[in-house]
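First comes the structure, then the notes that go with it.
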Amino acid sequence: GEEVAQTPKHLVRGEGQKAKLYCAPIKGHSYVFWYQQVLKNEFKFLISFQNENVFDETGMPKERFSAKCLPNSPCSLEIQATKLEDSAVYFCASSRGTGEKLFFGSGTQLSVL
Amino acid sequence: QQQVKQSPQSLIVQKGGISIINCAYENTAFDYFPWYQQFPGKGPALLIAIRPDVSEKKEGRFTISFNKSAKQFSLHIMDSQPGDSATYFCAASKTARQLTFGSGTQLTVLP
């Protein structure tokens, strides 16, 4: 399809529980990015993929966050042992290639209680 | 270290007026400067983008002005409409790398 599909729209977890978010990039797009938006403003880059390979993971808190993009499957972002400060909207974005327009999904609102 | 500074934080404009949002960057390696529009509950959508080899780019009512020596760029929305009310983010990146976003400007266009 012509949109980046993120599921679920909302996710509520108790502190310490696992959270898993999914992203289906636009068909034909080779690059996938994950961003975290806190307080409705600040965007923080987490990780990017070129196809199924990690392209840049400099933004990932490695202790609890992991991500994958496997062939023929939605990409995923997993947070083990969630903390209160993980509460945010997580956006996935995809692009056809380097320097190409970036398309964002509608995000997953994660609330950690 | 905030690499892209955006101002103002909020902006109220009358219908038909001009909205101007400014951004300044620090990293001279940046070579791509997009502006995104975000409505509540939605992801950012690319509005217009510029590369440093030009000083201005216009698409419809939206214009980016770019000043490489000052490391500043701005978004001008001409003939602002109530439907333009949204949060606007500037961003910057090196080609293929991740975007560094500004802190956003909440624009309200009064009818």
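Within region A:81-108, take every residue that is in contact with a Lys or Arg (Cβ under 7 Å, 6 or more places away or on another chain) and modelled with pLDDT of 95 or more and give me the one that is farthest from the other protein chains (Cβ to nearest Cβ). Filtering region A:81-108 for residues that are in contact with a Lys or Arg (Cβ under 7 Å, 6 or more places away or on another chain) and modelled with pLDDT of 95 or more, the one farthest from the other protein chains (Cβ to nearest Cβ) comes out as A:THR82. Each residue in region B:3-36 was checked for being farther than 10 Å from B:PHE73 by Cα, open to solvent by 50 Å² or more (accessible area, probe 1.4 Å), at pLDDT 95 or above and not charged (D, E, K, R), and 7 pass. Residues in region A:4-32 that are away from chain B (no Cβ under 14 Å) and part of a strand (DSSP E or B) were compared, and the one that is nearest to A:THR108 (Cα to Cα) is A:LEU11. The criterion of at least 1 residues that are under 18 Å from B:VAL4 (Cα atoms) and within 14 Å of chain A (Cβ to nearest Cβ) is met by the following strands (runs of 3 or more DSSP E) wholly inside region B:41-111: B:45-50, B:86-92, B:105-110. Selection of region A:41-55 for residues being at the interface with chain B (Cβ under 8 Å from one of its Cβ atoms), open to solvent by 10 Å² or more (accessible area, probe 1.4 Å) and without any contact (Cβ under 8 Å) to a residue 24 or more places away in the chain yields A:ASN41, A:GLU42, A:PHE45.
Suppose we filter region B:57-70 for residues that are under 14 Å from the mean Cα position of the chain (by Cα) and open to solvent by 50 Å² or more (accessible area, probe 1.4 Å); how many remain? Before the answer, list the steps.
Our first condition is that a residue be under 14 Å from the mean Cα position of the chain (by Cα); within region B:57-70, this holds for B:57-59, B:61-67.
So of that shortlist, the ones also open to solvent by 50 Å² or more (accessible area, probe 1.4 Å) come out as B:57-59, B:61, B:67.
Final tally of qualifying residues: 5.
Against the test of being closer than 22 Å to A:PHE104 by Cα, modelled with pLDDT of 95 or more and touching a helix residue (DSSP H, G or I) at 6+ places or on another chain (Cβ under 8 Å), the options B:LEU75, B:LEU107 yield a single qualifying residue, B:LEU107. Might you let me know whether region A:92-105 holds any residue that is over 20 Å from A:PRO25 (Cβ atoms), within 14 Å of the chain's Cα centre (by Cα) and assigned to a loop (DSSP other than H, G, I, E, B)? Within region A:92-105 (the criterion being over 20 Å from A:PRO25 (Cβ atoms), within 14 Å of the chain's Cα centre (by Cα) and assigned to a loop (DSSP other than H, G, I, E, B)), the answer is no, since none of the residues qualifies. Among the residues in region B:37-52, are any in contact (Cβ under 8 Å) with a residue 12 or more places away in the chain, over 25 Å from A:TYR31 (Cα atoms), out of contact with any helix residue (DSSP H, G or I) (no Cβ under 8 Å at 6 or more places or on another chain) and surrounded by 17 or more Cβ atoms within 10 Å (Cβ to Cβ)? No: region B:37-52 contains no residue that is in contact (Cβ under 8 Å) with a residue 12 or more places away in the chain, over 25 Å from A:TYR31 (Cα atoms), out of contact with any helix residue (DSSP H, G or I) (no Cβ under 8 Å at 6 or more places or on another chain) and surrounded by 17 or more Cβ atoms within 10 Å (Cβ to Cβ).
The values are calculated or read from the model by the stated rules, or taken from the named source; none is laboratory data. Please read these numbers as outputs of a predicted model, since none were measured by experiment. No Cβ is skipped: glycine too gets one built from the backbone with ideal geometry, and neighbour counts run over all protein chains shown. With ligands, DNA and RNA removed, areas are computed over all heavy atoms of the protein, side chains included. Shrake-Rupley method; radii C 1.70, N 1.55, O 1.52, S 1.80 Å.
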